[in-house]
Amino acid sequence: LVLLGAAPLLGAAYMEYEQPQRLFMVSAIYLAIALAIYVGSLPYRMRDFIDWLFRTASRAKILGACLLGYGVLITAFTY
């Protein structure tokens, strides 16, 4: 799903050199592609990561806060 969803997002940022926020979006997409390929080849790593993440509630909240901050950063540059 990550690979299928990456194509329209990368296409939207193609040749948009005058908008610097595209670099934040594109770097996140390439990171997601690399993680999808890694997890697809070693699915037990994803199981171990999810187990580690939800062992304490604070880890999941910190990850959610980081993702929210990244979204706000993208939105702030866009509007």
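Derivation of every value follows stated rules applied to the coordinates shown; laboratory data play no part. Since the model is a prediction, treat every value here as computed from it, not as a measurement.
Phi angles of segment 18-31 translate, via the Karplus equation with coefficients 6.51, -1.76, 1.60 and θ = phi - 60°, into HN-Hα couplings of 7, 10, x, 5, 5, 5, 5, 5, 5, 5, 5, 5, 5, 5 Hz per residue; Gly and Pro are given as x. Computed over the chain, the per-residue total of -39500 (n - 2.57) for DSSP H runs of n ≥ 4 gives a 222 nm mean residue ellipticity of -27500 deg cm²/dmol, rounded to 500. Rg over Rh for segment 1-58 works out to 1.13, both radii taken from alpha-carbon positions and Rh defined as the Kirkwood radius. Across the chain, the mean sequence separation of Cα contacts (distance under 8 Å, 6 or more residues apart), normalised by length, yields a relative contact order of 32 percent. Axis angle, to the nearest 10 degrees, between helix 57-78 and the longest C-alpha principal axis of the chain: 0 degrees.
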